[in-house]
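Here's a structure for you.
What follows is calculated from the coordinates using simple rules that are stated; it is not laboratory data. Since this is a predicted model, take the numbers as computed values, not measurements. When we count neighbours, we look across all protein chains shown, and the Cβ atoms used for this are built from the backbone with ideal geometry, even at glycine.
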Amino acid sequence: MRFNPGTLEAHRFNLPIVDHHAHLRHDPLSMEAVKRFERLGGSHIFLATQNYGPDVPVSVEDYRSQYETTLAIVRSIAKETTVQAFPVLAPYPVDLVRVAPRLGLARAVELQGAALDLAGKYVQEGLAVALGEVGRAHFDVPGEVRDALRSVLEHALAVGRDVNCPLVLHTEDLDAGGYAGLAEMARRCGFPASRLVKHYACSHLPPELRQGVAPSFLARKDLVVEVLPDPGPWFLETDYLADPARPGAVLALETIPRRVAALLRENAQGEGLLERLTIPFVEAPRKVYGLDLQRKD
Ligand SMILES: [Zn+2]
């Protein structure tokens with residue numbers, strides 16, 4: 001292993017370093033990114049599924065093959081690195097917007113429901129740790145599409161409740177009203193707000209305004225520094241997307257271990273820093289997912 005202060009520190013303190021939301025492809029470019037993540041001290045990745053082909057899925061079988069690709073990526077990572085990846089599966093909410101003109105809105109809603117049921121089966125079998133991404137479009141859509149997305153989200157909450165797993169939410173950036181609305185919707189569906197994760201959180205709201213929902217903050221330097229004193233639970237993520245056509249469009253996969261290495265080097269928070277870092281890397285995975293993350297290297 002190449003010398004790197006971050007790696008050594010993470011090992012010395014036995015601190016897992018976790019990217020809570022990334023997308024990867026089953027190709028060498030993605031594996032190289034995982035290996036860089038590993039070399040810098042990264043230990044765990046929550047791997048969100050995505051459309052791997054150029055077309056939006058139009059059948060449950062399309063979604064099954066998409067989920068199987070995600071699982072295959074996880075197995076390759078386990079074979080080639082010490083990094084542990086956790087699959088997060090669901091039909092992407094924006095798929096509904098894209099497929100509705102082809103299938104009609106009613107069939108598009110049915111398809112999302114069936115794909116959610118299928119993702120729930122993977123969770124039940126221990127093959128995935130959460131349903132995600134679920135939620136709504138992050139851009140304006142016609143009222144009927146918005147209603148359709150809401151009914152799909154309610155279905156996702158019901159599946160999550162039945163198979164007892166967290167939901168990873170794709171939404172617009174949330175203010176206090178946004179957090180309250182989602183927590184209320186979850187309660188109505190019998191789903192605990194404490195198992196909701198707001199993925200791609202770009203602004204920090206104090207815990208009392210989050211209604212028990214855990215934010216997963218984008219690991220931008222200023223945001224990481226801002227959220228470190230927060231008592232949690234919260235996560236850090238890159239939302240890395242391995243897309244050769246858009247290099248540098250998102251944060252690199254090695255961002256989180258790099259940030260941690262820099263923080264440990266500067267040790268700006270003194271003795272309390274390691275304790276702060278256990279919030280996103282140990283406590284939040286335990287509280288929200290029931291996962292006990294340990295380094296394997
Ligand atoms: Zn994502």
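Based on alpha-carbon centroids, what's the gap between the range 110-137 and the range 171-223 in Å, whole number please?
So the two Cα centres are separated by 20 Å.
Going by the alpha-carbon gyration tensor, a ≥ b ≥ c the square roots of its eigenvalues, is the range 139-297 rounded (a/c under 1.5) or, if a/c is not under 1.5, prolate (a/b greater than b/c) versus oblate?
Prolate.
With the dipole of the chain worked out from charges on the C-beta (+1 for Lys and Arg, -1 for Asp and Glu) around the Cα centre, which of 196, 73, 92 lies farthest toward the positive end?
Positive-end residue among those listed: 73.
Further question: Give me, ordered by chain and number, the residues 5 or more places off residue 235 or on other chains with an amide H under 5 Å from its own placed amide H.
Placed amide hydrogens put 216, 217 under 5 Å from residue 235.
Which peptide among 229-236, 137-144 comes first, and what is the full order, when sorted by highest mean count of other Cβ atoms within 10 Å?
So the peptides 229-236, 137-144, ranked by packing, come out 229-236, 137-144.
Using Cα atoms only, what is the angle between the long axis of helix 143-163 and the major principal axis of the chain, expressed in degrees (0 to 90) to the nearest 10?
So the inclination is approximately 60 degrees.
Subtract the Cα-Cα distance of residue 64 and residue 295 from 0.36 nm times their separation in residues, and report this length gain in nm to one decimal.
Extra length from residue 64 to residue 295 when fully extended: 80.1 nm.
Another question, if that's okay. Rounded to the nearest 20 Debye, what is the dipole magnitude of the range 162-275 about its Cα centre when Lys and Arg each give +1 and Asp and Glu each give -1 at the C-beta?
180
Would you please classify the overall shape of the range 20-289 from the alpha carbon gyration tensor, given that a ≥ b ≥ c denote the square roots of the eigenvalues, rounded means a/c under 1.5, and beyond that prolate means a/b larger than b/c while oblate covers the rest?
oblate
In addition: According to a simple spin-label model (label point 7 Å from Cα along Cα-to-Cβ), what is the distance in nm between residue 146 and residue 203?
1.9
Within the chain, how many Lys pairs that are eight or more residues apart, or on different chains, come under 20 Å at the alpha-carbon?
Taking the Cα cut-off of 20 Å, the pair count is 5.
Could you work out the helix-only [θ] at 222 nm for the chain, with each DSSP H run of four or more residues adding -39,500 (n - 2.57) and the total divided by the number of residues, to the nearest 500 deg cm²/dmol?
Result for the chain, helices only: -14000 deg cm²/dmol.
Here is a follow-up. When only DSSP loop residues count, what trypsin sites (Lys or Arg not before Pro) in the range 109-164 have their Cβ near at most 16 other Cβ atoms within 10 Å?
Qualifying residues, ordered by number: none.
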